[in-house]
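> Would you mind keeping the following structure in view while I ask a few things?
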Amino acid sequence: AMQRYASLRDLPATTKDGVTIGLLMNAGLMADLPSLVGSGAEGVGLFRTELQFLVRNYMPRREELAALYTRVIEAAKGRPVAFRTLDIGSDKVLPYMKPQDEPNPAMGWRAIRVGLDKPGVLRMQLQALIRASAGRPLAVMFPFVSEHAEFVDARAHVLRELHREKSLGHAVPSALEVGAMLEMPSLAYAPDAFFQMADFISIGGNDLKQFFFAADRENERVRKRYDTLNASFLTFLQFIVARCAATGTKLSFCGEDAGRPVEAVAFAAIGLRNLSMRPASIGPVKALLRRVDLAEARRVIDKARSDGAETVRPALTAYLDGLGE
Ligand code: PEP
Ligand code: MG
């Protein structure tokens, strides 16, 4: 499949009506790094740092992590990388951490909730990221942020570690961006101050959809019941786009749905301009985006919604099926 899209690799994802969509890749393991060049990704929109914790049977130390992050940054060759801090708990259980006996782990003590309550590992990870980024830009994002106050606290950890590194006389990153994943509906309704404080926001569509529909992402039976192109969900995503536009906050989408071509067109049509996906999806998504008139796709979506369609998928696929080359 990669072969088929190789000719597109160095071309932009520009639609027929001239809108360019940034296509980035999701990564997490060293094995993903060669795809950075091979896929034509403009950067790493989501680096899942927990994967490196999950493939070990011991807690990695700061120096080991810093060396790993340096390799990631070097493989990116100047392209941006958004490092997501440890997203553990729920489905991602570290073998060397005490298991929590929680009735509902997906909504339990996980991700940034752990990081804020027991900040030792978070701080160690931030130190490793800061060291690995010495003299280069660093982008950190926090998973599972539910409210503004959590983001304020998480961001304060970054600033504190940065200050500490400086006072130790270490080289620090040349620029710093601190962002949040938006994967809880509550965060979409945070005060403007949150959107102003966040340097960027990335929609974690996997969890956002799970919590929007109260449908377990691990449970095929209920997950498949709700289409990502459900009119209500798209309208909600559009609300997030509007909030970010109002505050000038950079926005991307990094859930698995970004890598599905029809979904990618819908997201672009409602205003998303950066999509992050598994590397193998970049070719197919780009190929379709380049054939689409985005304003027309938007009219199709709007009409389906005003007609009361539950999902805009039939109307949108009918439009896409009728496209020329
Ligand atoms: C998401 O929730 O959409 C996301 C990108 O993060 P993860 O799949 O790792 O939870
Ligand atoms: Mg998530």
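The values are calculated or read from the model by the stated rules, or taken from the named source; none is laboratory data. Since the model is a prediction, treat every value here as computed from it, not as a measurement. Glycine gets a Cβ as well: all are built from the backbone with ideal geometry, and neighbour counts include every protein chain shown.
> For segment 224-234, indicate whether the set of residues that are within 15 Å of the chain's Cα centre (by Cα) and within 16 Å of ligand 1 (Cβ to nearest atom) is non-empty.
no
> Only one residue in F53, F47 is within 16 Å of ligand 2 (Cβ to nearest atom) and assigned to a strand (DSSP E or B), so which one is that? So that I can check it myself, show each step before the final result.
Details: F53 fails: assigned to a strand (DSSP E or B).
So the residue among F53, F47 that is within 16 Å of ligand 2 (Cβ to nearest atom) and assigned to a strand (DSSP E or B) is F47.
> May I ask you to list the residues in segment 12-35 that are away from ligand 1 (no atom under 16 Å from the Cβ), closer than 18 Å to R84 by Cα and assigned to a helix (DSSP H, G or I)?
Selection gives M30, A31.
> Counting only residues that are more than 20 Å from G271 (Cα to Cα), give me the helices (runs of 4 or more DSSP H) lying completely in segment 171-241 with at least 2 of them.
Output list reads 192-197, 205-213, 220-223.
> Let me ask something else about it. For the list (1) of a type in the set (D, E); (2) surrounded by fewer than 20 Cβ atoms within 10 Å (Cβ to Cβ); (3) away from ligand 2 (no atom under 16 Å from the Cβ), I need the number of the one condition that E161 fails.
Only one criterion in (1) of a type in the set (D, E); (2) surrounded by fewer than 20 Cβ atoms within 10 Å (Cβ to Cβ); (3) away from ligand 2 (no atom under 16 Å from the Cβ) is unmet by E161, namely (2).
> How about segment 108-125: which of its residues are among the charged types (D, E, K, R) and more than 20 Å from the chain's Cα centre (by Cα)?
Answer for segment 108-125, where residues must be among the charged types (D, E, K, R) and more than 20 Å from the chain's Cα centre (by Cα): D117, K118, R123.
> Take the conditions within 16 Å of ligand 1 (Cβ to nearest atom), at negative phi, of a type in the set (D, E, K, R) and surrounded by 13 or more Cβ atoms within 10 Å (Cβ to Cβ) and apply them to R48. Does it pass?
In short, yes.
> A further question follows. Can you tell me which residue in segment 289-325 is modelled with the lowest pLDDT, limited to those that are surrounded by fewer than 18 Cβ atoms within 10 Å (Cβ to Cβ) and among the hydrophobic types (A, V, I, L, M, F, W, C)?
Within segment 289-325, the match that is modelled with the lowest pLDDT is L323.
> Being without any contact (Cβ under 8 Å) to a residue 60 or more places away in the chain and of a type outside the set (D, E) is the requirement here; does L229 meet it?
Criteria not met by L229.
> On to the next question. Looking at segment 72-107 only, could you name the residues that are out of contact with any Asp or Glu (no Cβ under 7 Å at 6 or more places or on another chain), within 14 Å of ligand 2 (Cβ to nearest atom) and at pLDDT below 95?
Within segment 72-107, G89, S90, P105, M107 qualify.
> OK, next. Could you tell me which residue of segment 253-273 is nearest to R48 (Cα to Cα), considering only residues that are within 16 Å of ligand 1 (Cβ to nearest atom) and surrounded by fewer than 22 Cβ atoms within 10 Å (Cβ to Cβ)?
E256
> Examine segment 161-176 for a residue that is in contact with an Asp or Glu (Cβ under 6 Å, 6 or more places away or on another chain) and not polar (S, T, N, Q), and state whether such a residue exists. Break it down into steps so the answer makes sense when it comes.
We begin by selecting, within segment 161-176, every residue in contact with an Asp or Glu (Cβ under 6 Å, 6 or more places away or on another chain); these are 172.
Still in the running and not polar (S, T, N, Q): 172.
Yes: segment 161-176 contains one or more residues that are in contact with an Asp or Glu (Cβ under 6 Å, 6 or more places away or on another chain) and not polar (S, T, N, Q).
> Of all residues in segment 188-223, how many are more than 16 Å from ligand 1 (Cβ to nearest atom) and either surrounded by 18 or more Cβ atoms within 10 Å (Cβ to Cβ) or in contact (Cβ under 8 Å) with a residue 12 or more places away in the chain (or both)?
Counting residues in segment 188-223 that are more than 16 Å from ligand 1 (Cβ to nearest atom) and either surrounded by 18 or more Cβ atoms within 10 Å (Cβ to Cβ) or in contact (Cβ under 8 Å) with a residue 12 or more places away in the chain (or both) gives 10.
> Restricting attention to segment 108-126, which residues are crowded, with 20+ Cβ neighbours inside 10 Å and away from ligand 2 (no atom under 16 Å from the Cβ)? Outline the logic, then answer.
So the first thing to find is which residues in segment 108-126 are crowded, with 20+ Cβ neighbours inside 10 Å, and the list is 110-112, 114-115, 122, 125-126.
Those that are crowded, with 20+ Cβ neighbours inside 10 Å and away from ligand 2 (no atom under 16 Å from the Cβ): L122, Q125, L126.
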